[in-house]
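The values are calculated or read from the model by the stated rules, or taken from the named source; none is laboratory data. Because the structure is predicted, anything quoted here is derived from the model rather than measured. Note: ideal-geometry Cβ built from the backbone for every residue, glycine included; neighbour counts use all protein chains shown.
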Amino acid sequence: MANWISLSNFQSWNSGINCNNLQIGQKVCISQPSGLSSSSNYNGKIFREYIDALYNGVKFTDVPINTGVSFHFILSLAIDYTSSASPTNGLFHISWQNSVLTPAAVQAVKSQYSNVKVMVTFGGDNISGHPVQFRASCVNSWVYNAVSSLTSLISQYHVDGIDIENEHFDSVSTDTFVSCIGQLIQQLKSSGLISVASIAAFDGVQKQYKALWDQYNNVIDLVHFHFYSYPSSTSASQFVSYYNTAAAT
C-alpha cells in the first residue's frame with residue numbers, strides 16, 4: 001500500500017495497465033473513477049446463484065445463505081424473444097416462475113438478509129430447445145426498448161442489477177453487441193436503477209465479451225468464471241490454469 005492506496009484498488013481503477021511497465025508521463029487513476037461502483041471491490045467474498053433456470057419451483061428460502069459473504073440471487077431469465085427464439089428487439093419480459101419468485105418474495109429475502117442482492121440475467125443458451133440468438137437490428141431502437149422494458153421490470157421486482165449472458169450472436173457484429181449492451185448498462189447505472197452489472201464471458205464468446213470489457217469496464221462490476229462449462233473430469237490445477245488465463249484477459 002502506498003499513499004493509502006492498495007495494489008488491488010490501483011489495479012481495479014486502472015484496467016489494462018501493466019504495473020510492471022509503467023512509463024514516465026503515463027496517466028493513471030489514484031482514486032476510484034467516477035461511475036465505477038464500489039460494489040466492484042468484493043475481495044473474493046461473494047457467492048452468486050442463478051435461480052429458476054430450470055423452472056422447477058425453487059424458492060429463495062430453499063437456498064442456504066451465508067451471512068459472511070455478499071450473496072447474489074440471479075433471476076433466470078428476462079428474455080427479449082418468443083418461444084420460437086425470434087427477436088423482439090429489446091422488449092424484455094419475465095421467463096422465470098413468477099408465481100413463486102414474486103416481487104414480494106424478493107422484497108422479503110432482501111429485508112431478512114442485509115447481505116443479499118437480487119439480479120436479473122438475460123440471454124441464455126436456448127428456449128424450448130432453440131438456440132437463443134442476439135439479433136438486435138438497430139442499436140438505438142434496441143437500447144431504447146431495453147431501457148424502457150427493464151426499467152419497469154427492475155422497479156417491479158426490486159432488482160439491484162443485471163447480468164449479461166448472451167451466448168449466440170448469429171450474424172450480429174461484435175460492434176453492435178458491444179454498443180447495445182454497453183449503452184444499456186451505462187444508462188441503467190447513470191439513472192440509478194441498478195448498482196451492479198456483470199458479464200458471463202465464458203469460452204466460445206470471448207471475442208464479444210472482451211470487446212465489451214475493453215470499452216465499458218468502467219461500468220462492469222463483475223466477470224463470471226463458469227466452472228460448469230468445463231468437463232467434470234477437469235482437475236483443480238486445470239481449473240486454476242483456466243481461471244488465470246481468463247483473469248489475465
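Laid out as a table, the results:
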| item | result |
| --- | --- |
| Scope the stretch 122-134; condition more than 19 Å from the chain's Cα centre (by Cα) and either part of a strand (DSSP E or B) or under 17 Å from Ser149 (Cα atoms) (or both); matching residues | Ile127, His130, Pro131 |
| Single match in Ala200, Ala246 (criterion: within 20 Å of Ser76 (Cα to Cα), of a type in the set (A, V, I, L, M) and surrounded by 13 or more Cβ atoms within 10 Å (Cβ to Cβ)) | Ala200 |
| Residues satisfying the stated conditions in the stretch 219-241, i.e. part of a helix (DSSP H, G or I) and in contact with a Phe, Trp or Tyr (Cβ under 7 Å, 6 or more places away or on another chain) | Phe227, Ser229, Phe239 |
| Qualifying positions in the stretch 141-175 - farther than 18 Å from Ile74 by Cα and part of a loop (DSSP other than H, G, I, E, B) | Phe169, Asp170, Ser171, Val172, Ser173 |
| Counted residues, the stretch 90-133 - those being on the phi > 0 side of the Ramachandran plot and surrounded by 13 or more Cβ atoms within 10 Å (Cβ to Cβ) | 3 |
| Residue within the stretch 176-183 that is buried (at least 23 other Cβ atoms within 10 Å of the Cβ), closer than 14 Å to Val143 by Cα and among the β-branched types (Val, Ile, Thr) present | yes |
| Residue list for the stretch 189-206, filter: closer than 14 Å to Val178 by Cβ and modelled with pLDDT under 90 | Ala201, Val205, Gln206 |
| Only one of Gly192, Gly204 that is free of Cβ contacts under 8 Å to residues at least 12 places away in the same chain and either in contact with a Pro (Cβ under 6 Å, 6 or more places away or on another chain) or outside any helix (DSSP H, G or I) (or both) | Gly192 |
| Any chance Ser39 is modelled with pLDDT under 70, assigned to a helix (DSSP H, G or I) and within 21 Å of the chain's Cα centre (by Cα) | yes |
| Out of His168, His158, sole residue that is surrounded by fewer than 19 Cβ atoms within 10 Å (Cβ to Cβ) and closer than 17 Å to Val196 by Cα | His158 |
| Ser149, sole failed condition from (1) at pLDDT below 90; (2) under 30 Å from Val106 (Cα atoms) | (1) |
